[in-house]
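Here the structure is laid out as structure tokens; the discussion comes afterwards.
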Amino acid sequence: MSKNKSSESVKVVVRCRPLNRKEESNGPAGCIVQMDLRLGQVILRNPRAPASEPQKTFTFDAVYDANSKQRDLYDESVRPLIDSVLAGFNGTIFAYGQTGTGKTYTMQGAWMDPEKRGVIPNAFDHIFTHISRSQSDKQYLVRASYLEIYREEIRDLLDPNHANARALELRESPDTGVYVRDLTSCVCKSIKEIEEVMNVGNQARAVGATDMNEHSSRSHALFLITVECSQPGPDGRKHIRVGRLNLVDLAGSERQAKTGVQGERLKEAAKINLSLSALGNVISALADGRSGHVPYRDSKLTRLLQDSLGGNAKTVMVATLGPAPQHYEETLTTLRYASRAKNIQNQPKVNEDPKDALLREFQREIARLRAQLSHRKWRSKQKKEQVEGEGWERDGDEETEGEEEVEVEKEAEEYVKLEEQRLEREKEAIREDRFLLAEEKQRLLGEKERMMGDLRKEQEATEQLTAKYKAMESKLLVGGKNIIDHTNEQQKMLEMKRQEIAEQTRREREMQQQMMVQDDETLELRETFTSLQQEVEAKTKKLKKLYAKLQCIKAEIQDVNDEHVRSRQELEQTQNELTRELKFKYLIIENFIPPEEKNKIMNRLTFDPEEDQWKFQPLVPAESKSSQMKKRPASAVGYKRPISQYARVAIAMGAHSRYRAENIMFLELDMTPPNTASLDRSTDAELNQSLSVDNSPTKDRGVRKSRSWCQTPKSITSSSSSVSLAACHTATPTAAQ
Ligand code: ADP
Ligand code: MG
């Protein structure tokens, strides 16, 4: 990838968590990760290798060991990024690493404890403090969204119906790039509000996690904040800058055990971590720089992070590690990925005056409401003055500002009051006027009543408009006005000092790293030798050093080769499984599905480039669907299928089983009391009689719980039923309709 002037590389920092209790009790092997905070280096020891084997060293933009504080990480590595977002850049922070290494701790941390608050809550503080301290000619609009990707489905965590909501779709637009369609976005006016949004999302996530074990370590969570800022430019017009911040807590990066997984399970396993392996491929392709194709489209996550990796964004990756020896392989893989990501070049630029800025829409709407409102009030004022008989002329200036506006508002209110009083007085006068006819009086009173109603309606409309205007306006944050900064001067100074120190540390580390590189290069140039012996000694020393370095690199190559072979074998195995399954499916299609059916299905298939997958076209074309499918024929309303007039009458009569297709069961109870008296006497004759009575359909006895149409009494002969039907049909033709 070519480095141009505006390009900058992805910043990669590594954080190692402390040993947990279980790991501490596991034995003396201890910690395999060492860190050089000054140089930004991680030194990894292989617990199974002999002591003579050289340790692996990786260099990053910053490293944070087990004793590091949340605040240090934020001030040194995240603060500059958030500042850029506030200046209108896109920014992304993502935490990558094995499950249980502290991704969620780093991104969210413990909310209640100020020492343990993670990147996200600190970013909230940062953004709103910045707004409260900015100049009053700046207007801000802050929005937040929260989503998760689980099994390649995007779910809106702020949707109240999250658990049952359908998966959201990705769309691409030339202005904003890739975005999620129909994603809820909440306008937030304070830290408290945005924290509330975060909590709502976290709760939705937690519900998912209890439903499904392992959910949270298998799902990616993205918290998106959009900060729009409008400020008058040198040309006097308001310019809008839009900064988008993605805060990403990725799923655990550990390898899924693939052995013994086949068929559906295999596909499922592949899908669970598809996004993560696709992310790995994207990072590799970008870091490699030679491959032209970057497989962003392979997963939802990589598409969403398309701008953050190799695009228009500033990105910080926090790779998290566990220090325990049993996770050596995973730790090494994480470090390799992180080290590869360092080579990714982004081209961040300020998003100035984008077409879809919501702030502009808000400003327009507010201006429109304001104009409407002031027009109404001017009108009221004008009327008042006409009523009072003052000749009033409105000058051409449409804008009403400050005191003048307040005065207009007061006058408008007064006008409404005066007008009400006047109407009341007139009504009273009409009532008392003895010369008017009762009819005339009624009419005049009605008219006045109507006028009063109009006045009230007008007033209500104005009130509604005012409420709407105020609600809209309150959503826009004005620099230094809406949010009151409670920190005192001393605290502010302290904060500034801390930021300065963080900046200093960062610069020092950068310089140290540069010096280290330059030292190696210039060592040779600086050396002058007084004797041959000295030269031999110095060169032998250097040779040894270089030899050690060579061995390190050889070991690294071997490792990478091994890993490559391993992942290749895994891929081959997966491919074989899938090929076998495909062959099996082909076999079924070829032998059991008639060719014309197959062709029909094939013809319905279309490729959806947006979703990147094949889909079936609907059987009924979309345009004719509405007319064909919506209306049920008049004869079928209330029934399962169209039904003739004759059959309806038959059903109403309940006579013949043939017409009982809609409901073939009788479920009503026969409420006649059970006939037990005859059994008490228990003579055979009586028993027979009672049984024969029970057979008679016309005199139902006993409780019959349900009866299907085939049990219908035989005594209704087809001829008699048809006679009665015919009779009924002729007798009640209207009743049946
Ligand atoms: P992940 O999200 O990567 O699966 P978590 O953030 O849930 O991991 O961390 C697992 C556990 O380790 C949590 O109990 C967390 O409090 C603890 N932990 C992680 N990182 C740190 C750290 N830097 N300092 C102290 N505790 C940590
Ligand atoms: Mg987590």
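The values are calculated or read from the model by the stated rules, or taken from the named source; none is laboratory data. A quick note: this is a predicted structure, and the numbers were derived from the prediction, not measured. For neighbour counting, all protein chains shown are included, and Cβ atoms are generated from backbone atoms with ideal geometry for every residue, glycine included. For the accessible areas, the whole protein counts, side chains as well, though only heavy atoms, and no ligand, DNA or RNA atoms are used. Shrake-Rupley method; radii C 1.70, N 1.55, O 1.52, S 1.80 Å.
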(message) Can you pull out every residue in segment 354-371 that is surrounded by fewer than 16 Cβ atoms within 10 Å (Cβ to Cβ) and touching a helix residue (DSSP H, G or I) at 6+ places or on another chain (Cβ under 8 Å)?
(response) GLU365
(request) Determine, yes or no, whether TYR74 is of a type in the set (Phe, Trp, Tyr), within 28 Å of THR334 (Cα to Cα) and within 16 Å of ligand 2 (Cβ to nearest atom). (result) no
(message) Can you go through ALA87, ALA62, ALA49, ALA110 and tell me which one is within 16 Å of ligand 2 (Cβ to nearest atom) and not β-branched (Val, Ile, Thr)?
(response) ALA110
(message) If I go through segment 42-60 residue by residue, how many of them are over 19 Å from GLY102 (Cα atoms) and either polar (S, T, N, Q) or in contact (Cβ under 8 Å) with a residue 40 or more places away in the chain (or both)?
(response) 11
(message) Which numbered condition in (1) touching a residue at least 40 places away in the same chain (Cβ under 8 Å); (2) over 20 Å from SER7 (Cα atoms); (3) out of contact with any strand residue (DSSP E or B) (no Cβ under 7 Å at 6 or more places or on another chain) is the only one that LEU321 fails?
(response) (3)
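Per-residue answers, yes or no, for (1) within 18 Å of the chain's Cα centre (by Cα); (2) surrounded by 16 or more Cβ atoms within 10 Å (Cβ to Cβ); (3) within 16 Å of ligand 1 (Cβ to nearest atom); (4) under 24 Å from GLN363 (Cα atoms):
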position	(1), (2), (3), (4)
LEU141	no, yes, no, yes
LEU170	yes, yes, no, no
ASP175	no, no, no, yes
VAL180	yes, yes, no, no
ILE225	yes, yes, no, yes
(message) If a residue must be open to solvent by less than 50 Å² (accessible area, probe 1.4 Å) and modelled with pLDDT of 80 or more, how many such residues does segment 475-488 contain?
(response) 3
(request) Report yes if some residue within segment 253-276 is at pLDDT 85 or above and open to solvent by 10 Å² or more (accessible area, probe 1.4 Å); otherwise report no. (result) no
(request) Just need a number here: residues in segment 79-120 that are open to solvent by less than 10 Å² (accessible area, probe 1.4 Å), touching a helix residue (DSSP H, G or I) at 6+ places or on another chain (Cβ under 7 Å) and more than 15 Å from ligand 1 (Cβ to nearest atom). (result) 2
(message) Anything in segment 320-349 that is under 26 Å from ALA285 (Cα atoms) and of a type in the set (A, V, I, L, M, F, W, C)? List them, or say none.
(response) LEU321, LEU332, LEU335, ALA338, ALA341, ILE344
(message) So if I check each of ARG155, ARG218, which one is farther than 22 Å from GLU473 by Cα and either away from ligand 1 (no atom under 16 Å from the Cβ) or modelled with pLDDT of 90 or more (or both)?
(response) ARG155
(request) From (1) within 16 Å of ligand 2 (Cβ to nearest atom); (2) over 24 Å from the mean Cα position of the chain (by Cα); (3) touching a residue at least 60 places away in the same chain (Cβ under 8 Å), pick out the condition that doesn't hold for GLN98. (result) (2)
(message) So ILE131 ticks every box in (1) within 15 Å of ligand 1 (Cβ to nearest atom); (2) touching a Phe, Trp or Tyr at 6+ places or on another chain (Cβ under 7 Å) but one. Which box is left unticked?
(response) (1)
(message) For the condition modelled with pLDDT of 85 or more and among the acidic types (Asp, Glu), what is the one hit in GLU388, GLU365, GLU393?
(response) GLU365
(message) Condition check: away from ligand 1 (no atom under 16 Å from the Cβ), open to solvent by less than 30 Å² (accessible area, probe 1.4 Å) and farther than 21 Å from GLY118 by Cβ. Does ILE194 satisfy that?
(response) no
(request) Go through segment 277-333 residue by residue and tally those that are in a helix (DSSP H, G or I), surrounded by fewer than 23 Cβ atoms within 10 Å (Cβ to Cβ) and within 16 Å of ligand 1 (Cβ to nearest atom). (result) 4
(request) Would you tally the residues in segment 547-568 being over 18 Å from GLU330 (Cα atoms) and either β-branched (Val, Ile, Thr) or exposed (fewer than 12 other Cβ atoms within 10 Å of the Cβ) (or both)? (result) 5
(message) Given the options ARG450, ARG443, name the one that is assigned to a helix (DSSP H, G or I), modelled with pLDDT of 80 or more and surrounded by 12 or more Cβ atoms within 10 Å (Cβ to Cβ).
(response) ARG443
(message) Can you tell me which residue is nearest to ligand 1 (Cβ to nearest atom) among those in segment 63-78 that are assigned to a helix (DSSP H, G or I) and of a type in the set (S, T, N, Q)?
(response) GLN70
(request) List the number of the failed condition for VAL200; all other conditions in (1) touching a Leu at 6+ places or on another chain (Cβ under 7 Å); (2) open to solvent by 20 Å² or more (accessible area, probe 1.4 Å); (3) of a type in the set (A, V, I, L, M); (4) outside any helix (DSSP H, G or I) hold. (result) (4)
(message) Going through SER136, SER145 one at a time, which residue ends up being among the hydroxyl-bearing types (Ser, Thr, Tyr), open to solvent by 50 Å² or more (accessible area, probe 1.4 Å) and in contact (Cβ under 8 Å) with a residue 24 or more places away in the chain?
(response) SER136
(request) Scan segment 518-547 residue by residue and report those that are among the hydroxyl-bearing types (Ser, Thr, Tyr) and modelled with pLDDT under 80. (result) THR522, THR528, THR530, SER531
